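Trainee: Following this message is one structure expressed as structure tokens.
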Amino acid sequence: MRIVTNAALGLALMALLGCERDPRVAVCPELAPGDLIITELRGDQSGSDDEIGEWIELYNASSLTIDLTGVAVVVTRLDGGSDARLVFRREVRVDSGDYVVLGRFFDLPELRPDYVNYGYSEDFDSSLYDTGAIEIFACGTMTDQLVYRNLPSTGTFAFDGAIDPDATDNDDANNWCIDELTGDPDATGTPGERNPVCSE
């Protein structure tokens with residue numbers, strides 16, 4: 001005598017009805033390598049009562065406006081000691097040829113300065129690593145990677161403002177420099193704007 005369990009009946013019924021799930025909607029933009037690139041970093045500023053904060057600036061090198069919801073910024077120590085994944089959890093739009101700034105602030109309008117478009121403290125509330133790598137991912141596609149050593153503790157690490165930002169030129173270490181502006185330890189850099197020209 002064959003005994004059919006409720007579980008077996010359920011599986012058979014699902015097979016007959018062709019049980020299907022709705023396709024998962026990807027919550028991230030479909031970007032190609034080079035569409036969104038890193039152009040400036042501001043790390044922990046030593047020897048000052050810094051109120052400007054740390055941030056990462058990105059540039060939209062694509063021809064379209066991008067909604068950054070779901071884009072991940074992965075920050076990794078070069079020694080492999082630790083990493084952090086910062087994710088845009090709300091709509092942040094950046095037009096073609098424009099910049100967007102992620103800052104070490106909580107993502108509330110009253111807690112973010114005007115020059116920061118998105119606060120990442122919920123994901124990563126530690127200083128940017130002195131020596132590290134930053135990778136940008138959208139739906140599993142890496143759009144850019146920057147490896148840096150000795151992040152300056154005065155001013156910012158900036159892509160040369162003499163060059164239109166693109167993924168090829170931003171891979172060349174010779175196109176990056178320390179932007180200290182006037183040498184002020186609280187130098188803001190140029191968040192959300194084209195960087196100054198790197199001097200010879």
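Trainee: For segment 69-88, indicate whether the set of residues that are open to solvent by 10 Å² or more (accessible area, probe 1.4 Å), of a type outside the set (Lys, Arg), within 20 Å of Ile178 (Cβ to Cβ) and not in a strand (DSSP E or B) is non-empty.
Mentor: Checked segment 69-88: at least one residue is open to solvent by 10 Å² or more (accessible area, probe 1.4 Å), of a type outside the set (Lys, Arg), within 20 Å of Ile178 (Cβ to Cβ) and not in a strand (DSSP E or B).
Trainee: Looking at Ile66, Ile37, can you tell me which residue is touching a helix residue (DSSP H, G or I) at 6+ places or on another chain (Cβ under 7 Å), at pLDDT 95 or above and either open to solvent by less than 60 Å² (accessible area, probe 1.4 Å) or among the aromatic types (Phe, Trp, Tyr) (or both)?
Mentor: Ile37
Trainee: Looking at Ala162, Ala158, can you tell me which residue is small (Gly, Ala, Ser), crowded, with 18+ Cβ neighbours inside 10 Å and within 24 Å of Ser96 (Cβ to Cβ)?
Mentor: Only one candidate qualifies: Ala158.
Trainee: Have a look at Val87, Val92 and point out the one that is more than 16 Å from Asp125 (Cα to Cα) and either over 12 Å from the mean Cα position of the chain (by Cα) or free of Cβ contacts under 8 Å to residues at least 40 places away in the same chain (or both).
Mentor: Val92
Trainee: Go through segment 96-111 and give me each residue that's over 18 Å from Glu40 (Cα atoms) and more than 15 Å from the chain's Cα centre (by Cα).
Mentor: The answer is Phe106, Leu108, Pro109, Glu110, Leu111.
Trainee: Being part of a loop (DSSP other than H, G, I, E, B), modelled with pLDDT of 90 or more and touching a strand residue (DSSP E or B) at 6+ places or on another chain (Cβ under 8 Å) is the filter here; which residues of segment 168-193 pass it?
Mentor: Thr190, Pro191, Gly192, Glu193 - these are the residues of segment 168-193 that are part of a loop (DSSP other than H, G, I, E, B), modelled with pLDDT of 90 or more and touching a strand residue (DSSP E or B) at 6+ places or on another chain (Cβ under 8 Å).
Trainee: Select from segment 116-138 the residues that are surrounded by fewer than 15 Cβ atoms within 10 Å (Cβ to Cβ) and over 18 Å from Gln45 (Cα atoms) and list them in ascending order.
Mentor: Glu122
Trainee: In the set Pro152, Pro113, which member is touching a Gly at 6+ places or on another chain (Cβ under 9 Å) and surrounded by fewer than 18 Cβ atoms within 10 Å (Cβ to Cβ)?
Mentor: Going through Pro152, Pro113 in turn, the sole match is Pro113.
Trainee: Here is a list: Phe124, Phe105, Phe157. Which entry is among the aromatic types (Phe, Trp, Tyr) and not in a loop (DSSP other than H, G, I, E, B)?
Mentor: Just one listed residue meets the conditions, Phe157.
The values are calculated or read from the model by the stated rules, or taken from the named source; none is laboratory data. Since the model is a prediction, treat every value here as computed from it, not as a measurement. Cβ sites come from the backbone with ideal geometry, for glycine too, and all protein chains shown count toward neighbours. These accessible areas exclude ligands, DNA and RNA; they are computed on the full protein's heavy atoms, side chains included. Shrake-Rupley method; radii C 1.70, N 1.55, O 1.52, S 1.80 Å.
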